[in-house]
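Heads up, the thing below is written out as structure tokens.
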Amino acid sequence: MADFPDDETCLVWLWNTRYNLGDNEAHCARCEEIRPFKRYAAKQQRQDWTCTACGLHVHPTAGTIFHKSSTSLHLWFYAMYLMTSTRCGISAKQLERELGVTYKTAWRMFTLIRHELKGQDDDPPLAGVVEMDETYVGGKPRA
Ligand SMILES: [Zn+2]
């Protein structure tokens with residue numbers, strides 16, 4: 001909450017992390033060169049950065065699970081924090097309560113975040129030696 005207090009902070013963080021090479025210069029896909037980008041003022045703060053040479057708009061959420069979501073970036077970031085910081089994980093039901101969204105929205109966010117995390121892992125799921133703690137399977141056979 002201190003690092004990402006609102007949507008704007010989250011959006012700028014995405015821009016800086018994904019595109020900004022420093023001093024708001026980024027690789028422009030249309031110019032095929034590194035160009036200065038600018039965020040033009042409008043009635044509502046614009047959600048995209050514009051190439052000052054060719055006018056190409058770059059939206060920092062493009063190609064991410066947040067793109068065109070009606071849920072605020074701030075809530076997405078909070079959901080990711082909750083899902084990755086709790087030791088034993090968190091359920092969609094808990095997300096629903098924490099974020100104050102509907103269960104349907106919470107479940108959708110939960111699934112997309114989990115899928116995205118899984119996709120970033122290079123290791124195949126459950127390959128090689130699999131160890132598990134605190135599990136007891138079986139027992140005395142019944143007579
Ligand atoms: Zn350009």
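Observations
- Filter result for H74 (closer than 17 Å to I113 by Cβ, away from the ligand (no atom under 16 Å from the Cβ) and without any contact (Cβ under 8 Å) to a residue 60 or more places away in the chain): no
- For T61, the criteria (1) over 24 Å from D3 (Cα atoms); (2) under 13 Å from the mean Cα position of the chain (by Cα); (3) not aliphatic (A, V, I, L, M) hold in every case but one, which is (1).
- Whichever residue in the stretch 19-45 is of a type in the set (K, R) and more than 14 Å from the ligand (Cβ to nearest atom) and, among such residues, is farthest from E8 (Cα to Cα): K43
- Filtered residue count, the stretch 110-136, keeping only those that are at pLDDT below 80 and touching a helix residue (DSSP H, G or I) at 6+ places or on another chain (Cβ under 8 Å): 1
- Any hit, the stretch 73-85, residues being among the β-branched types (V, I, T) and either part of a loop (DSSP other than H, G, I, E, B) or loosely packed, with under 11 Cβ neighbours inside 10 Å (or both): no
- Which listed residue, of A42, A79, is over 20 Å from I113 (Cα atoms) and either small (G, A, S) or at pLDDT 90 or above (or both): A42
- Residue satisfying condition, being surrounded by 14 or more Cβ atoms within 10 Å (Cβ to Cβ), more than 16 Å from the ligand (Cβ to nearest atom) and among the acidic types (D, E), within set D3, D48, D7: D7
- The residue that is nearest to T52 (Cα to Cα), counting only those in the stretch 13-28 that are in contact (Cβ under 8 Å) with a residue 24 or more places away in the chain and in a helix (DSSP H, G or I), is W15.
- Residue within the stretch 86-99 that is over 30 Å from M132 (Cβ atoms), of a type in the set (G, A, S) and either in contact with a strand residue (DSSP E or B) (Cβ under 6 Å, 6 or more places away or on another chain) or in a loop (DSSP other than H, G, I, E, B) (or both) present: no
- Checked against (1) modelled with pLDDT under 95; (2) part of a loop (DSSP other than H, G, I, E, B), C31 passes all but a single condition, namely (1).
The values are calculated or read from the model by the stated rules, or taken from the named source; none is laboratory data. What you see is a predicted model, and the numbers here were worked out from it, not measured in a lab. Neighbour counts are summed over all protein chains in view; Cβ atoms, including those assigned to glycine, are modelled from backbone coordinates with ideal geometry.
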